[in-house]
Amino acid sequence: MPALPEREQQIVAAHAPFICQVVESSQNPERRPEYEALLQAAEESGWNNLATAIRKIVAGQRELSALSWLDDEDRVIAEAIMRGLQDPATLPDPNSRPDPTLAAPGLAAMILAASRGNVEALTLISNMAEQMSRVGGQMARLAAVIRPLINGERAPERLCKGMDSQTEQVVLDILKELKQPELN
């Protein structure tokens, strides 16, 4: 099987625990309540389309064309679940972590979509920022600039105040991505 594109690898790595739990719990009748709880939590987090797609996949619908209605992130997650159901050896490492230096393109796209009124993007990035705030430290500092970025702030000196060099670089990378013509 060829390697996934880098962006898709990042999405799979970010959601590896969820992907693995869905595959493992959906295949074991004793773990069916856990499977249902996972999908319930996904729906409560605004992932209604993904939960619907997962239910169809687990029920036997395995054509990739059936996922074309999902947004990119949901599609990548659903495809990873589909692959995992067909061949458990393809499941991602649930302990893997996405490379933070590759987060900027995805964050920039969500920031732009949220600034344009996309409710799903706003909900997703708000939830991410809330989780980042709970972590504290530099993650909280990064979370604190999400709202200003959505509102159009682009001055690095204001956005990066008090950040360490690694977090500042993530913000600068987000700003660079926001200037990309394909996003605008």
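Among the residues of segment 117-138, are any outside any helix (DSSP H, G or I), within 23 Å of Leu70 (Cα to Cα) and out of contact with any Lys or Arg (no Cβ under 8 Å at 6 or more places or on another chain)?
Among the residues of segment 117-138, at least one is outside any helix (DSSP H, G or I), within 23 Å of Leu70 (Cα to Cα) and out of contact with any Lys or Arg (no Cβ under 8 Å at 6 or more places or on another chain), which makes the answer yes.
I need the full set of residues from segment 135-184 which are surrounded by fewer than 15 Cβ atoms within 10 Å (Cβ to Cβ) and β-branched (Val, Ile, Thr), in order please.
Val135
What residue, among those in segment 36-74 that are among the polar types (S, T, N, Q) and in a helix (DSSP H, G or I), is modelled with the lowest pLDDT?
Ser65
List every residue pair whose Cβ atoms lie under 7 Å apart, where the two residues are 6 or more positions apart in sequence or sit on different chains, the first residue falls within segment 92-106 and is of a type in the set (A, V, I, L, M), and the second residue, located anywhere, is at pLDDT 80 or above and surrounded by 14 or more Cβ atoms within 10 Å (Cβ to Cβ).
Filtered contacts from segment 92-106: Ala103/Val170; Ala104/Val170; Ala104/Asp173; Ala104/Ile174; Ala104/Glu177.
Inspect all residues belonging to segment 90-109 and state whether any of them is part of a helix (DSSP H, G or I), farther than 30 Å from Glu157 by Cα and either in the same structural domain as Pro17 (by TED's automatic domain parsing) or not aliphatic (A, V, I, L, M) (or both).
Taking every residue of segment 90-109 in turn, at least one turns out to be part of a helix (DSSP H, G or I), farther than 30 Å from Glu157 by Cα and either in the same structural domain as Pro17 (by TED's automatic domain parsing) or not aliphatic (A, V, I, L, M) (or both).
Which one is farthest from the chain's Cα centre (by Cα), of the residues in segment 22-67 that are in contact (Cβ under 8 Å) with a residue 40 or more places away in the chain and surrounded by 15 or more Cβ atoms within 10 Å (Cβ to Cβ)?
Ser26
The values are calculated or read from the model by the stated rules, or taken from the named source; none is laboratory data. Nothing here was measured: the structure is a model prediction, and the numbers come from that model. No Cβ is skipped: glycine too gets one built from the backbone with ideal geometry, and neighbour counts run over all protein chains shown.
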